[in-house]
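Values quoted throughout were computed directly from the atomic coordinates according to the rules given, and no laboratory measurement underlies them. All values derive from a computational prediction rather than experimental measurement. Neighbour counts are summed over all protein chains in view; Cβ atoms, including those assigned to glycine, are modelled from backbone coordinates with ideal geometry.
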Amino acid sequence: MIKVRRSATLIKGHTHHDDNSPHPLQASEEAAEGRAGHRGVLFSMCLALVLVVASVSALNLALPDLAVDLSATNASLTWIADAYTVALAALVLPLGAIGDRIGRRHVLVAGTVVFGAAAFAASFSDTTTHLIVWRVVMGFDAAMIMPGTLSTITAAFPPEQRAKGVAVWSGFAAAGAIIGMLAAGALLEQFSWRSIFVASAITALVAGAAAATLAPNTKDPHPHRPDVIGATCTAVAIGCLVFAIIEGNEQGWTEPAVIATLAVTVVGFAAYAFFGLRNDQPLLDPHLFGIPGFRAGAVTVLVQFMAVFGFFFVGLQYLQLILGYSPLKAAVALVPVAVVVLPTSHITPHLVTRLGMKAVLVAGLTLLSGGLFAISRIHADSGYLPFLGGLILCGLGIGLTGAAGTAAVTGSLGRGQQGVASAMNDTTREVGSAIGIALMGSVYGSHYRDALPPSIDQLPPQAAESVHDSAAAGLQVAHQAGPQGPALAQAVKDAFISGLSASLLVVAVIVLAAAIGCLFRAPRRAPDADS
């Protein structure tokens, strides 16, 4: 049996303060009202959230251009997409803890300033290596921004409005990806992929100004001492896990480098648990995973974002490379997800109250898995409508799982420890995103190469290498191949569909397994942090 006694203070959120001084949470609420009220807090935090989330998804629209402009292979494209997410996932917990200590708004605003500078520098990248490095820096800055968004909302909002605030935040966390892609699509209609980074830099400065003007500087009144060992172990383990997934599919799972990083991953997570159980003030107390609502919420959010951002990585390439959509049209084609997610997220708290958390989590995960499976059945000539049907199922599932999973995590901890809840929620989201991009990108890449016909090797060496590197480069070669072009283009498209289907099936099975786990292990009713 897992003991949770040592975490009683963390779970219940009890704090001690001078009876003659205002309660720190009350002070936060007064500060929020004094600036622009709860609406101002919600606006500024959701704007910062959209900046972080959109920066994960927006670049997916530019992957075909990057493949050609920077001669990027499928593996390089995966790293360009995932470098940002890996840094964000690895550092969101320790940087969230720093925000709890010195003030979440201070850290968030500083993060937006450096984020903007890094994004502007990334716009001048001329190699894949340079772009990957700047994406890592942007991910570090995003880890300064994201934890403060949800924890500021939950700390500043009164209990009766907190569920609504969390639901709006969850909706924008999902819809922010679509917003980012729409903006990127519009930019790519007129400019190159570099414009995406320039726009990100400008948005970062606006988000920082909004946070500084509208949001209170909430903090944990009794912060824990820094947990350097826990921060190091989790950062190393997450980074090595993603590296192993990408390089395992690229180089082979028996390669020494892949085996070594998998071993480091296991040792890193084991060390986190070992030292965390023996630390009175760990970065994230391992005992928390003994709380059913916390555990169910964390797993749900992780697999949801694994599916969502992995799907964006391969799904947008389907729209552009197979259906021939422009970047903007491809982004618009994904709008039905946001149209479904936002209202579904809004009604989810009421569904949880009436039906119970378990029923909502299981239903959401099942719908998401079903949508992914439906899309995996498409082929090169299917068109958009079968794709749209799967999107709608996915949108319903995302709306249910996002809001209910987030509420399960935040509701499992006391109001005084919402920084921990927010950081954990952010970590599961970003770890899920990083794993999803790595997993689906790698499975897609390996199946794409394996599905190419042997006749590809009869092409000139440079052309054959381009076809093997990426579908975008392969279609460009086909366009220049003369009479052989149509047959080559069809072979590339068929190979792409093979990779797309395999990657979607893998994640659909994982999401369905999570739904079965919630059916047997999730609590029936939502936890109440104030009880």
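When +1 charges are put on Lys and Arg Cβ atoms and -1 charges on Asp and Glu Cβ atoms, the dipole computed for the range 155-225 relative to its Cα centre reaches about 200 debye. Could you work out the local net charge near ILE153, counting Lys and Arg as +1, Asp and Glu as -1, over the other residues with Cβ closer than 11 Å to its Cβ? Taking every Cβ under 11 Å from that of ILE153, the sum is +3.
Modelled label positions at ARG521 and VAL267, each set 7 Å beyond Cα in the direction of Cβ, lie 2.7 nm from each other. Once each part is reduced to its C-alpha centroid, what is the distance from the range 166-237 to the range 352-366 in angstrom? Here the two parts' Cα centres lie 28 Å apart. Counting lysine pairs in the chain whose alpha carbons fall under 29 angstrom apart, excluding pairs fewer than 8 residues apart on the same chain, gives 9. Sort out for me the Cα centre separation of the range 239-282 from the range 497-527, rounded to whole Å. The range 239-282 and the range 497-527 have Cα centres spaced 23 Å from each other.
In terms of packing, defined here as the mean over residues of other Cβ atoms within 10 angstrom, the peptides 338-345, 517-524 line up highest first as 338-345, 517-524.
What value, in deg cm²/dmol to 500, does the helix sum -39500 (n - 2.57) over DSSP H runs of n ≥ 4 give at 222 nm once divided by the residues of the chain? After summing the helix terms and dividing by the residues of the chain, the value is -26500 deg cm²/dmol.
Gyration tensor over the Cα atoms of the range 228-282: the corresponding equivalent ellipsoid has semi-axes (square roots of 5 times the eigenvalues, largest first) of 26, 9, 6 Å. Let me see the pair-distance distribution of the range 248-336: every alpha carbon pair, 5 Å bin width, integer percents in order. Values per bin, smallest distances first: 3, 11, 11, 11, 14, 13, 12, 11, 8, 4, 1, 0.
Its relative contact order, with pairs defined as Cα atoms under 8 Å and 6+ residues apart, puts the chain at 23 percent.
Residue-wise HN-Hα couplings along the range 50-66, as the Karplus relation 6.51 cos²θ - 1.76 cosθ + 1.60 with θ = phi - 60° gives them from phi, are 4, 4, 5, 5, 4, 6, 6, 8, 4, 5, 4, 5, 8, 4, x, 5, 5 Hz; Gly and Pro carry x. Over all orientations, the range 458-531 has a Cα convex hull whose mean projected area works out to 8.5 square nanometres. Only residues of the range 440-457 count here: report those whose backbone N is under 16 Å from the spot 7 Å along Cα→Cβ of GLU465, or say none. Hits in the range 440-457 for GLU465 at 16 Å: 457. Here the Kirkwood formula, the inverse mean of 1/r across different C-alpha pairs, assigns the range 418-514 a hydrodynamic radius of 15.2 Å. Treat each spin label as a single point 7 Å out from the Cα along the C-beta direction, and report the ALA110 to ASP381 distance in nm. Going by the 7 Å Cα→Cβ label model, 6.0 nm. Taken over the range 175-280, the alpha-carbon convex hull comes to 183 cubic angstrom per residue. The phi torsions of the range 511-516, fed into the Karplus equation with coefficients 6.51, -1.76 and 1.60 and a -60° offset, translate into couplings of 5, 5, 4, 5, 4, 5 Hz, rounded to whole numbers, with Gly and Pro shown as x.
Extension gain, LEU323 to PHE191, is 45.4 nm, computed as 0.36 nm per intervening residue step minus the present C-alpha separation. Peptides 259-267, 202-210 ranked from most to least packed by the mean count of surrounding Cβ atoms within 10 Å: 202-210, 259-267.
Residue by residue, the range 226-238 carries 3J(HN,Hα) couplings of x, 10, 5, 5, x, 5, 5, 4, 5, 5, 5, 5, 5 Hz when phi is fed to the Karplus relation 6.51 cos²θ - 1.76 cosθ + 1.60 (θ = phi - 60°); x denotes Gly or Pro. Taking other Cβ atoms within 10 Å as a rough exposure proxy, TRP253, TRP134 sort from fewest to most as TRP253, TRP134. With the highest mean first, a sort of the peptides 448-456, 234-242 on other beta-carbon atoms found within 10 angstrom per residue produces 234-242, 448-456.
Relative contact order of the range 228-282: 47 percent, from C-alpha pairs under 8 Å at least 6 residues apart in sequence. Shown is the FRET efficiency for LEU388 and ARG225, computed with R0 = 45 Å from the Cβ-Cβ distance and rounded to the nearest 0.05: 0.30. Here's the picture: charge each Lys and Arg Cβ at +1 and each Asp and Glu Cβ at -1 in the chain, and of VAL301, LEU316, ALA186 the one pushed furthest to the positive end of that dipole is VAL301.
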